[in-house]
């Protein structure tokens, strides 16, 4: 398919300098091109922000309407649906977003995600897997985890790990604290996260294999990440907006939309997470998109399944971090695009010549209200229901092809 050359004018590069951008053959050709003649398609951005398309690391469903609303041009799909433990399944998942979304499957680390026997990671890489993931839970057997780390590293793939010690969290639906006690909910200590991270960091130090902790949500867990980075271990970590903006008080009245994995933490831990995203400890901001229908959420809190529909609110909540002074616009898009692209090994996530023309225009001041009944996702289970927010993607391109 031949793509029409594109020129975007009067755009503010992440809220800074006003630029023009030329796109040819699906890639960024030049910033502020000297010759702007001969273009079939020209878009006047009228002062809107120009940013790389968001790369959402670790979604649980291919939900294109939600991704397009949220400015997400690439999604790294967790292996839990399927699970993605075979080459055929990975290849099929990679085609799931075409033609207007890139889906990058994450290979299951073990067969059936059972944590016992290594999956065919090499074959899945050939089929399109961009990383290896342990899924919603961690690998309890340290010997198996060591073999997974070593094998994935030999293939040039990063392990994306869940960080909760199942010996402490079994049966728990909340974090130990006043709120869980008041509601009479089974809970686990927040240290379950740090214990899981500590073991895996020992294995990383032993093997030299890269690891990404998909969500780190506690002060103690983040301290371990800082220490590992200071030792130059190949460690990165992520978080979702929920753990930055909400604490365990949000589960009051047994609100199942706030039933998440890992569960919401204390206010102290929330502030520790904000500090970590400001100081560079956290590398990735992701949606954790996990749409759950009423059959999974309209249940007693302890019986409801964890998860939230996060794709549509990811950009708006990220822009709130900018307004609150925690990050700059450029740092925000390191979290949303540049760092995920490095982890996945794709030539996207930056506005530089030669990179894929995955682009979004953003009206950072547009006010709107999160409403579960109006969401584009196939299920609207967001803990931010009713919250007023600002900023949304108004136009987007995938490889130079306009999507909306």
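The values are calculated or read from the model by the stated rules, or taken from the named source; none is laboratory data. This one's a predicted model, so the numbers in the text were calculated from it and none came from an experiment. Note: ideal-geometry Cβ built from the backbone for every residue, glycine included; neighbour counts use all protein chains shown.
Quick notes
- Once segment 365-384 is narrowed to residues that are surrounded by 15 or more Cβ atoms within 10 Å (Cβ to Cβ) and modelled with pLDDT of 95 or more, the residue that is farthest from residue 243 (Cα to Cα) is 370.
- Residues within segment 387-404 that are more than 23 Å from residue 371 (Cβ to Cβ) and surrounded by fewer than 18 Cβ atoms within 10 Å (Cβ to Cβ), tallied: 2
Residues are listed down the side, and each one gets a yes or a no for (1) at pLDDT 95 or above; (2) closer than 15 Å to residue 173 by Cα; (3) in contact with a strand residue (DSSP E or B) (Cβ under 8 Å, 6 or more places away or on another chain):
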position	(1), (2), (3)
241	yes, no, yes
261	yes, yes, no
271	yes, no, no
275	yes, no, no
285	yes, no, yes
293	no, no, no
315	yes, no, yes
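- Residue within segment 153-161 that is touching a strand residue (DSSP E or B) at 6+ places or on another chain (Cβ under 6 Å) and assigned to a loop (DSSP other than H, G, I, E, B) present: yes
- Selection status of residue 196, out of contact with any helix residue (DSSP H, G or I) (no Cβ under 8 Å at 6 or more places or on another chain) and either farther than 14 Å from residue 162 by Cβ or surrounded by 23 or more Cβ atoms within 10 Å (Cβ to Cβ) (or both): yes
- Complete set of residues in segment 169-183 that are on the phi > 0 side of the Ramachandran plot and surrounded by fewer than 11 Cβ atoms within 10 Å (Cβ to Cβ): 171
- Filtered residues of segment 309-325 (kept if out of contact with any helix residue (DSSP H, G or I) (no Cβ under 7 Å at 6 or more places or on another chain), farther than 18 Å from residue 66 by Cα and either in contact (Cβ under 8 Å) with a residue 12 or more places away in the chain or not in a loop (DSSP other than H, G, I, E, B) (or both)): 320, 323
- Residues in segment 193-208 that are touching a residue at least 40 places away in the same chain (Cβ under 8 Å) and assigned to a helix (DSSP H, G or I): 8 in all.
- First in segment 79-92 and without any contact (Cβ under 8 Å) to a residue 40 or more places away in the chain and at negative phi, second anywhere and surrounded by fewer than 20 Cβ atoms within 10 Å (Cβ to Cβ) and assigned to a helix (DSSP H, G or I), Cβ under 8 Å, 6 or more apart: 85/111; 85/112; 86/123
- Among the residues of segment 259-282, just one is more than 14 Å from residue 244 (Cα to Cα) and crowded, with 24+ Cβ neighbours inside 10 Å, namely 259.
- Of all positions in segment 336-356, at least one carries a residue that is assigned to a strand (DSSP E or B) and either crowded, with 20+ Cβ neighbours inside 10 Å or at pLDDT 95 or above (or both).
- Of the residues examined, residue 129 is not one that is out of contact with any strand residue (DSSP E or B) (no Cβ under 8 Å at 6 or more places or on another chain), surrounded by 19 or more Cβ atoms within 10 Å (Cβ to Cβ) and in contact (Cβ under 8 Å) with a residue 24 or more places away in the chain.
- Boolean, residue 219 is surrounded by fewer than 23 Cβ atoms within 10 Å (Cβ to Cβ) and closer than 16 Å to residue 270 by Cβ: yes
- Of everything listed in (1) touching a residue at least 24 places away in the same chain (Cβ under 8 Å); (2) touching a helix residue (DSSP H, G or I) at 6+ places or on another chain (Cβ under 8 Å); (3) surrounded by fewer than 24 Cβ atoms within 10 Å (Cβ to Cβ), the single unmet condition for residue 152 is (3).
- Scanning segment 43-77 for residues that are closer than 15 Å to residue 400 by Cα and touching a strand residue (DSSP E or B) at 6+ places or on another chain (Cβ under 6 Å) returns 43, 50, 51, 53, 54, 71, 72, 73, 74.
- Residue 97 part of a loop (DSSP other than H, G, I, E, B), modelled with pLDDT under 95 and either under 22 Å from residue 307 (Cα atoms) or touching a helix residue (DSSP H, G or I) at 6+ places or on another chain (Cβ under 7 Å) (or both): yes
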